[in-house]
Amino acid sequence: MSIVTVQLGQCGNQIGFEVFDALFSDSHCPQGLCSKRENEAYQASCKERFFSEEENGVPIARAVLVDMEPKVINQTLSKAAHSGRWKYDQHSCFCQKQGSGNNWAYGYSVHGPRHKESIMDLIQKEVEKCDSLSGFFIIMSMAGGTGSGLGAFVTQNLQDQYSNSLKMNQIIWPYGTGEVIVQNYNSILTLSHLYRSSDALLVHENDAIHKICAKLMNIKQISFRDINQVLAHQLGSVFQPTYSGEGSWHYRRNPLGDLMENLVPHPEFKMLGVGNIPQMSENSLAYSTFTWAGLLKRLRQMLISNAKMEEGIDWQVRPPLSGLPTLSKMSTNKEFHFNTSIANLVILRGKDVHSADVGAFKDPALYTSWLEPVHAFSVWKTQRAFSKYEKSAALVSNSQFLVKPLDVTVGKAWNMFASKAYIHQYTKFGIEEEDFLDSFTLLEQVIASYCNL
C-alpha cells in the first residue's frame, strides 16, 4: 500500500526532500547485511510505499509540493532531479508568488480557500496513481504561515474528502527561543485544528534535533540541512519496511494503519514522539560496536526519563513500583519526572535481530493503568540493516513527552492573548478571539489528559 506525502511550506519541502533521499539511499544501500533476495523484497516494498516508476526507470516520489513562494519548490525539484537517482513529478507542485508572512490566519483563511481546488486536484491525481492507498503523510512546521495555516486547512480538507484514509502530520516544533514573534499563536492554532482533523501528530522539536547534531553528530556549524537530515534519518528508521510478524519473512503492507493501530488507542491521545539509537558521525561509527542488550537498555531509559538522545540520559529515573495506589504513582511521576506511556512501538533493524529481548518494555509500570502492556507495546523487526548501522533501534512513543513544551507554548500564547498583542493581524483575516479561546480550551484539555495518565 502506498503513502502520499504532502510537503507544505519551506520547512515541509526541505524536510520532504531529505526524507525521500534517505529512503532511496537506504533501500539501494549495498550493505544491507541480508541476502540478495531479501534486499530485493525490501527495495520493492519501499518503492511501493513511496515511489512510482517512470518510463525511463527513474523513480518518482509519491508527493505533492505546496508553497506560496516558488523559490524553495524550485530548489527542491532541481536537487532531486540532479541527484540522478529519483525525482519529483513537476506537475505535482503548486506555488504562488506571495507568501503568508508568518501569519497563520493568512495561510488558513486566504490561501487555503483561494487555492483549495488546485491543491486538492493535485492530491487526487497522486492518489489515483496508487494501486492501494495507505494514507497521507503531511510534513509541515508549526511556527510560520504557509506550513502551519495552509497545512491545517489542507489536512481538514483531506479529512472531508478522504475520511476513510489515515492522515499523519509530521510537525516541527519551533525553537523555544523563538523564530517568529507570533510563533506561539501559530502553534496553538495549528495544533488545535490538527487535533480535530488528523489521526496522529508525529512531533519533532527543533531544539532536540539541534542538540543531536551538536552532541552526537559533532557538527560545529549546524545548518537547517543538518537538522533535516537527522529528522529524515529518524523518519526513515520508522517508515522503512519491517516484517509483518514474528517469524514472518513478508513485509508489512499497511505501515500507516499498523502505526495508528499500535500507537493511538484513543482519539484524545495522538501526540507521537520518535527517538532512535545509535545516531553518530561516520568517524565515531568506525570505532563502535553495539549489542542489542546495550541498545535496548539505553532506549528504555531514554523513554522513561524523556531523553531525546542517548547522551546525558538521567539514569536516576525509575518506573514507579507496580501495584502502588494511583496517588503515590502520580507523586512519584512528579518527583522523578517519570514519563508515563500510553503505547510504545520499538522497531529493530539489523544483525541477529531475532535474538533481541524487548521484555523490559513490557513492564506494566511504564504504562497508564487503563491499558495492558500486551495492548500497549509492539515490536517490529527486520534483519535488513538501516542506513550505515549494523544494528539500530527506533522508538515511537505516545507518552507524556510533550506535556512540558505544550504547557509552555500555551502559557506564552495566553500571556500575549490576554494583552491582545497582535490579535488584529489575525482578526482582519477572519480568525476571531473566539477561535483562539477554542484552541486554548482544546489544548488545556489535551495537557490535562496526558498529565492524568
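The values are calculated or read from the model by the stated rules, or taken from the named source; none is laboratory data. Note that this is a predicted model, so its numbers are computed, not measured. Positions of Cβ are backbone-derived with ideal geometry, glycine not excepted, and every protein chain shown enters the neighbour counts. For the accessible areas, the whole protein counts, side chains as well, though only heavy atoms, and no ligand, DNA or RNA atoms are used. Shrake-Rupley method; radii C 1.70, N 1.55, O 1.52, S 1.80 Å.
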Is at least one residue of the range 231-248 closer than 24 Å to GLY312 by Cβ and of a type in the set (Phe, Trp, Tyr)? no
Could you please find all residues in the range 345-357 being closer than 20 Å to LEU272 by Cα and either in a loop (DSSP other than H, G, I, E, B) or in contact (Cβ under 8 Å) with a residue 60 or more places away in the chain (or both)? LEU345, ILE347
Quick check: is even one residue across the range 102-115 of a type outside the set (A, V, I, L, M) and over 28 Å from PHE436 (Cα atoms)? no
Among LYS116, LYS97, LYS87, which is the only one that is more than 24 Å from HIS424 (Cβ to Cβ) and surrounded by fewer than 14 Cβ atoms within 10 Å (Cβ to Cβ)? LYS97
Within the range 386-416, can you find the residues that are open to solvent by 40 Å² or more (accessible area, probe 1.4 Å) and in a helix (DSSP H, G or I)? LYS404, ASP407, VAL408, LYS412, TRP414, ASN415
Scan the helices (runs of 4 or more DSSP H) fully inside the range 143-247 and keep the ones with 3 or more residues being among the hydroxyl-bearing types (Ser, Thr, Tyr) and open to solvent by less than 10 Å² (accessible area, probe 1.4 Å). 183-197
Out of all the residues in the range 129-139, is one or more among the hydrophobic types (A, V, I, L, M, F, W, C) and either without any contact (Cβ under 8 Å) to a residue 24 or more places away in the chain or in contact with a Phe, Trp or Tyr (Cβ under 6 Å, 6 or more places away or on another chain) (or both)? no
Of all residues being outside any helix (DSSP H, G or I) and open to solvent by 10 Å² or more (accessible area, probe 1.4 Å) in the range 359-379, which is nearest to ARG37 (Cα to Cα)? Just the residue, please. VAL379
Subset tally (residues that are closer than 13 Å to GLN170 by Cβ, open to solvent by less than 10 Å² (accessible area, probe 1.4 Å) and polar (S, T, N, Q)) for the range 1-35: 3
Could you list, ordered by first residue, the pairs with Cβ atoms under 7 Å in which the first is in the range 32-46 and in contact (Cβ under 8 Å) with a residue 12 or more places away in the chain and the second is surrounded by fewer than 18 Cβ atoms within 10 Å (Cβ to Cβ) and acidic (Asp, Glu), at least 6 apart or interchain? LEU33/GLU390
For the range 330-355 the number of residues that are open to solvent by 80 Å² or more (accessible area, probe 1.4 Å) and either of a type in the set (Ser, Thr, Tyr) or at pLDDT 95 or above (or both) is 1
Could you run through the range 259-277 and say how many residues are under 25 Å from GLN229 (Cα atoms) and surrounded by fewer than 20 Cβ atoms within 10 Å (Cβ to Cβ)? 1
